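Here's the structure we're looking at; comments come further down.
What follows draws every value from the coordinates through simple rules; no lab data is involved. Keep in mind that this is a model prediction, so the values were computed, not measured. Cβ: placed from backbone, ideal geometry, glycine included. Neighbour counts: every protein chain shown.
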Amino acid sequence: MSTRLYLYPVAIRVWHMVNALMFLLLIVTGLSLQYSSKDLEIVGFNLAITLHNIGGITLTASYLIFIIGGIVSGNMKHYKIKYKGFWNRLYKQGRFYIYGIFKHEDTPFPTSENMKFNPLQQFSYVLALFIGLPIVILTGWAYLFPEIVILKIFNLSGLLVNDLVHITIGFILSIFMFIHIYLCTIGPSVKNTFKSMITGWHE
Amino acid sequence: MERKLLKMFKIAIRGLVPLFMLFVIFSASAQKEERIKENKKFNERCFACHKSSTYTYFNPEMDKKVRDKMCPDRVIYPDEYYQSNHYSFKCTDCHSEEYDSFPHPVYLRMEEKYACIDCHGYDEDYAQYQFEQIEEEFLGSIHSTKHSEDFNCWMCHDAHTYRIAARSVELIKEIIEYDNLICLSCHANIEKYNLIMEGTNANILTTHGWLPNQALHFKNVRCIECHTAVNNDILVAHLVQPKKDAVHNCVECHSANSHLMASLYKFRTIETRSNVGFMNGVILNESFVIGANRNVFLNKMSMGIFILSIMAILMHFILRLITKK
């Protein structure tokens, strides 16, 4: 018999939805800017800039709300990594994804109210939300105000270095999103996790 | 004996020819130096008055020395003049020799000025600059067609101060500033603008309001990048287009096949960074253009990682399907 847990309150679901939409918008418009061409434009350059700016500003606001809300509500505790035995737990979860799942083993770290994320989720979310996202947001804002970017970094154009960091981290976050969406199909059924993102109830 | 003499003569000739050539080159150069020196000395008489905003002369009517204001358009700073392309000339090479006398005869003010093509056209020495094509482009430009002969070379290129920047200045940003100031000398200066046009000139900041990051664009590209038609044969395009034909499409520059490579960076294509995989790498020496400066290696690497990730996800999914109870 499956248990039902109310893990995702409305605020978290709205934040998550905004994040997902903005991520998609930023990926499409970002690719359009990076690979802009006279022959083929995914989104027109000018429109892509406007939409990318809107997406970036919205994502920043959403991120700030997430951080402040997380601290106030205590939601941040789910992202606090316990270092003792961490690598061992990470190995167990990794092994489950690449081997155990095919042998129909039970998940080593079942979801509970106290442990919303398994160790691998926790690790990847911390990297994405507290390292990747701040970098991509800061370098993105630097593009909104290019005059504040240092002119030269090790004899390279500051804007070039900023761009390389922005697109590299942006790309890693895009890959993270693909894997993130795929891993959501793992559960009692393919659509279960997606459903819980709408209802708030985890089965 | 005769043979020996002939041999010695040949050796002497072989040695003397290069020496003679060196002498010719040296004396030509020395002659030029001497001529410049003489011209400079001659010009001192003109600069005595024309180098500052005031000048002093003896007024026989009043029987005393008088200090008067110099018309600002007639002030020429020697420092600027001697750094210009025409530094080696004496004033009367281009102006009437009657300027030797003072007060200058009034009718001299109406003397016709030379156009660039008058001296530089159809001359082997200046062939590389393609003045004939520049003239042709200029005559087809909106500047010439709209204003006829009122608009001449001098409107943009002051013969007393003009120096070619694109070939001699190393920093692209300096070239941009120098060239844009030429445009702004009319388009942001009502006094000069009114020499050929009635009314007020349009505010450039307003007319370019659509341009994202306007200040950054103004600092990093020249006006002519968007307002002229590219000509592969000449360094600086002179075919200024009507404003409806100006570049408005961002991807003209922000793409792998960037328009800037055919204009601003045309003669800088001996790249120093192209070998580290950046498209249009020469731009990176001083600037960065979104969409034009992609790194080929990073592009390939990211494509590889993306394909591998999708393949891994697909494989995982297929294995899940196969092992499903």
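List of remarks:
- At R0 = 22 Å, FRET efficiency that the Cβ-Cβ distance of B:LEU308 and A:TYR91 yields, to 0.05: 0.50
- Cα-Cα over 21 Å, subset of B:LYS51/B:LYS173; A:LYS80/A:LYS116; B:LYS32/B:LYS113; A:LYS92/A:LYS116; A:LYS152/B:LYS219; A:LYS82/A:LYS116: B:LYS51/B:LYS173; B:LYS32/B:LYS113
- Using alpha-carbon coordinates, inclination of helix A:158-183 to the longest axis of chain A, degrees: 30 degrees
- Inter-chain neighbour count for A:36-48: the average number of beta-carbon atoms from partner chains within 10 Å of each residue's beta-carbon is 5.
- Counted by neighbouring Cβ atoms within 10 Å, the residues A:PHE86, A:PHE171 run from fewest to most as A:PHE86, A:PHE171.
- Taking every residue in A:157-163 and counting other chain Cβ atoms within 10 Å of its Cβ, the average works out to 5.
- Take A:131-137, B:249-255, B:126-132 and order them by the average number of nearby Cβ atoms within 10 Å per residue, most first; the result is B:249-255, A:131-137, B:126-132.
- Cα gyration tensor shape for chain B, rounded if a/c is under 1.5, else prolate or oblate: oblate
- Kirkwood hydrodynamic radius (C-alpha pairs) into Stokes-Einstein, chain A, 37 °C and 0.692 mPa s, D in µm²/s: 173 µm²/s
- Highest mean packing first, where packing is the average number of other Cβ atoms within 10 Å per residue, the peptides B:74-80, B:61-67 line up as B:74-80, B:61-67.
- When the chymotrypsin sites (Phe, Trp or Tyr not before Pro) in region B:209-265 are filtered for DSSP coil states and for at most 13 other beta-carbon atoms within 10 Å of their beta-carbon, the remaining sites are B:TRP210.
- Shape category assigned to region B:1-111 from the gyration tensor of Cα positions, a/c cut at 1.5: prolate
- Its DSSP H runs of at least 4 residues, each contributing -39,500 (n - 2.57), put the calculated 222 nm mean residue ellipticity of chain B at -13500 deg cm²/dmol, to the nearest 500.
- Database remark: amide H of A:ILE153 closer than 5 angstrom to the amide H of A:GLY158 (H placed geometrically; neighbours at sequence offset of 5 or more, or on other chains; Pro and chain starts carry no H).
- Kyte-Doolittle at least 0.5, axis length at least 20 Å by Cα - qualifying DSSP helices, chain B: B:296-322
- Range of Cα positions in region B:40-185 per principal axis (Å), largest first: 54, 33, 31
- Exceedance of the 19 Å cut-off in Cα-Cα distance is limited, within the set B:LYS40/B:LYS192; B:LYS37/B:LYS90; A:LYS191/B:LYS324, to B:LYS40/B:LYS192.
- Computed [θ] at 222 nm, deg cm²/dmol, chain A (DSSP H ≥ 4; -39,500 (n - 2.57); rounded to nearest 500): -20000 deg cm²/dmol
- Sites matching GluC sites (Glu not before Pro) across region A:87-155 that sit in DSSP coil, with at most 16 neighbouring C-beta atoms within 10 Å: A:GLU105, A:GLU113
- Cα Rg, Dmax (largest Cα-Cα span) when computed across the protein assembly as shown, Å: 35.6, 126
- Acute angle (nearest 10 degrees) that the helix A:10-34 long axis makes with the longest principal axis of chain A, alpha-carbon atoms: 40 degrees
- When both region B:64-94 and region B:229-263 are represented by their alpha-carbon centers, they are found 36 Å apart.
- Environment charge at B:ASP118 (Cβ cut-off 13 Å; Lys +1, Arg +1, Asp -1, Glu -1): -4
- Net charge dipole size for the protein assembly as shown [Lys, Arg +1 and Asp, Glu -1 on Cβ; Debye, nearest 20]: 4020 debye
- Inter-chain shielding of B:308-319 (mean C-beta neighbours from other protein chains, 10 Å cut-off): 3
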